[in-house]
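The values are calculated or read from the model by the stated rules, or taken from the named source; none is laboratory data. Bear in mind the structure is a predicted one, so any value in this text is a computation, not a measurement. Neighbour counts run over all protein chains shown; Cβ positions are idealised from the backbone, glycine included. What goes into the accessible areas is simple: the full protein's heavy atoms, side chains included, and nothing from ligands, DNA or RNA. Shrake-Rupley method; radii C 1.70, N 1.55, O 1.52, S 1.80 Å.
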Amino acid sequence: MYFDFTEEQLLIKQAAKDFAINECLPGVIERDEKQQFPKEQISMLADLGFMGMMINLEYGGAGIDTVSYVLAMEEICKVDASVGVIMSVNNSLVTTGLQIFGTEEQKQEFLVPLAQGKKNGEIFIGAFLLSEPEAGSDATAQKTTAEDKGDYYLLNGTKNWITNGSTASVYMVIAQSNPEKGSNGLNWLIVDRFSEGIEVAPKENKMGVRGSDTCTIHFTNVKVPKQNRLGKEGEGFKLAMKTLGGGRIGIASQALGIASGAYERALQYSKERQSFGQPLFNHQAIQFKLADMATRIEAARLLCLKAAIEKDNGKDFTQSASMAKLYASETAMWVTTEAVQIHGGYGYVKEYHVERMMRDAKITQIYEGTSEVQRIVIGRSVLK
Ligand code: CAA
């Protein structure tokens, strides 16, 4: 595989880098502390065309490839992983699912504004509602029901850990319509967040990615028109799983960005900080850490790009996406922990950023499939 980026890909990477440094860095510590949703940043990202990067131009997207998306995600998450996850969910899970599996009517009604990230000048984003209090890794154990009522489904149940939970205008909900059919009874429904019967709980007080809003959502007798179902009756789980593969490339890139952001800060600090009469970097104990960090980050980057290239070439990227997500998230956790260690006491306080990165890294091993789930997917794939 040959990674010589095109001029367009490099321009997108640079645009993402400029955006991250100029628009995300100021206030990132404060937003984390206050758990403040990065509204201005998301609005600007929408104007840049980064909320529907891989969506065709005719549906309001930027019409660019997954490689560019990986490059942009890395640059943004080097600085602000909360902005990154909001962007990733809208790009990989919501709009990509709609583009691949939506009908023309669904695309016109939902995809166009979601890909633009705006409607009538206001932020317009989506959320992916799979997880439930008792269905996390065991994703087919859905308790939320979508009862067939003729021309609509009646939705009842609870979803939790929903990224963009209180800010999304569109919910993409997995629900059970035929329990006796197991996973083949599940439907994937496009739900207007402002429908009657939807209650959004206050956002969770999280360890990391505190700028993103994560909520529990309750559905009580919510009517969802039949035409809002993605794919055929009972196909929902498979379509959602296929879409999650792309989501895993997004989270792998987020993890990659967190890792490379922490590494760059640790490298810089090691050049500036003096100890025992010389810069930290001159001590082999520190140099070896930085060498290992750089090597693991490069390996994670190559896995992310491999998965992205397979996706762009229309190949089955399920295994590569899971490998990228597994390796990049484990790398992010390890690299950020070492970055804090290199900073010593300074790493343990907020001003130096790496403690936030260490907290942010943890979730990349959990959401969109834990490291254990990625090993299940990879294990099944290598056994084929
Ligand atoms: N593509 C197509 N079909 C797929 C598929 C895929 N990638 N993965 C599974 N399927 C199909 C299977 O072939 C099977 O079909 P049949 O019954 O016709 O054979 C059906 O779906 C059920 O699949 P499994 O039998 O493999 O199901 P399982 O119970 O063994 O579970 C699992 C598999 C991999 C553990 C899966 O449940 C899983 O990925 N769990 C993790 C869920 C997850 O990632 N949650 C994240 C929530 S989203 C999130 O975090 C977003 C956010 O806000 C940041």
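On C-alpha positions alone, give me the angle between the axis of helix 7-19 and the longest principal axis of the chain, in degrees, nearest 10. With both axes taken from Cα atoms, the answer is about 80 degrees. Taking the Cα centre of the chain as reference, the dipole from Cβ charges on Lys and Arg (+1) and Asp and Glu (-1) amounts to some 700 debye. Taken over the alpha carbons of the chain as equal point scatterers, the Debye sum produces base-10 log I(q)/I(0) values at 0.08, 0.12 Å⁻¹ of -0.39, -0.87.
Placing a label point 7 Å from the Cα of Arg380 along the Cα-to-Cβ direction, the residues of the range 226-255 whose backbone N falls under 15 Å of that point are 236-246. Label positions at Glu104 and Ser275, each projected 7 Å from the Cα along the C-beta direction, are separated by 6.6 nm. Considering only protein heavy atoms and a probe of 1.4 Å, how much of the accessible area of the range 112-241 is carbon and sulfur, as a whole percent? Carbon and sulfur together cover 48 percent of it. Working note: 222 nm ellipticity from helices only, DSSP H runs with n ≥ 4, each -39,500 (n - 2.57), summed and divided by the residues of the chain, gives -15000 deg cm²/dmol to the nearest 500. Convex hull volume per residue, computed on the Cα atoms of the range 237-382, equals 104 Å³.
In a simple Cβ point-charge model (Lys, Arg +1; Asp, Glu -1; nothing else charged), the range 126-234 has a dipole of about 220 debye relative to its Cα centre.
Ranking of Met207, Met333, Met323 by solvent-accessible surface, largest first: Met207, Met323, Met333 (1.4 Å probe, protein heavy atoms only, all chains present).
Taking only Cα atoms, what is the 0 to 90° angle, nearest 10, from helix 354-364's long axis to the longest principal axis of the chain? Roughly 30 degrees between the two axes. FRET efficiency for Glu134 and Lys232, Cβ-Cβ distance as r, R0 = 45 Å, nearest 0.05? With a Förster radius of 45 Å, E is 0.95. Rounded to the nearest Hz, the phi-derived 3J(HN,Hα) couplings of the range 221-235 under the Karplus curve 6.51 cos²θ - 1.76 cosθ + 1.60 (θ = phi - 60°) are 6, 8, 8, 10, x, 4, 5, 8, 7, 8, x, 7, 3, x, 8, where x marks glycine and proline. For the range 232-333, the set of trypsin sites (Lys or Arg not before Pro) satisfying both a DSSP loop assignment and a count of at most 14 other C-beta atoms within 10 Å is given as Lys232, Lys315. What does the C-alpha gyration tensor say about the overall shape of the range 1-99? Classify as rounded when a/c is under 1.5, otherwise prolate if a/b is larger than b/c, or oblate. Because a/c hits 1.5 or more and a/b fails to exceed b/c, the range 1-99 counts as oblate.
Annotation for the range 105-211: chymotrypsin sites (Phe, Trp or Tyr not before Pro) lying in DSSP loop with at most 16 further Cβ atoms inside 10 Å of their Cβ are Phe194.
Counting other Cβ atoms within 10 Å, keep those with at most 14, restrict to DSSP loop, and tell me which chymotrypsin sites (Phe, Trp or Tyr not before Pro) in the range 1-38 are left. Listed in order of number, the matching sites are Tyr2, Phe3, Phe5.
Rounded to the nearest Hz, the phi-derived 3J(HN,Hα) couplings of the range 114-125 under the Karplus curve 6.51 cos²θ - 1.76 cosθ + 1.60 (θ = phi - 60°) are 5, 5, 6, x, 8, 9, 6, x, 9, 4, 9, 10, where x marks glycine and proline. The residue among Leu302, Thr103, Asn120 whose Cα reaches farthest toward the positive pole of the charge dipole of the chain, with charges on the beta-carbon of Lys, Arg, Asp and Glu, is Leu302.
Mean projection of the Cα convex hull over all viewing directions, computed for the range 170-275: 9.9 nm². Which links in Lys17/Lys315; Lys34/Lys223; Lys206/Lys238; Lys34/Lys315; Lys107/Lys206 stretch past 32 Å when you go from one Cα to the other? Check vs 32 Å cut-off fails for Lys34/Lys223; Lys34/Lys315; Lys107/Lys206.
Here the chain carries DSSP beta bridges of which approximately 85% are antiparallel, counting only pairs with both residues inside.
Residues in the chain average 43 Å² of solvent-accessible surface per residue, probe 1.4 Å, ligands and nucleic acids excluded.
Annotation for Ser195 and Ser166: the two label points, set 7 Å from Cα along the Cα-Cβ direction, are 2.3 nm apart.
Helix 318-343 axis versus longest C-alpha principal axis of the chain: approximately 40°, rounded to the nearest ten. Protein-only accessible surface at a 1.4 angstrom probe places the residues Glu235, Glu74 in the order Glu235, Glu74, largest first.
Figure note: Leu57, Leu25 ranked by solvent-accessible area, largest first, 1.4 Å probe, ligands and nucleic acids not counted: Leu57, Leu25. Taking each residue as 0.36 nm, the span from Trp334 to Asp151 lengthens on full extension beyond its C-alpha to C-alpha distance by 60.8 nm.
For the range 237-303, averaging the sequence separation of C-alpha pairs within contact (under 8 Å, six or more residues apart) and dividing by the residue count gives a relative contact order of 30 percent. Across the range 295-308, coupling constants 3J(HN,Hα) worked out from phi with the 6.51/-1.76/1.60 Karplus curve, θ = phi - 60°, read 5, 5, 5, 5, 5, 4, 4, 5, 5, 4, 5, 4, 4, 5 Hz, and Gly and Pro carry x. Spread over its residues, the convex hull of the C-alpha atoms of the range 126-234 is 94 Å³ per residue.
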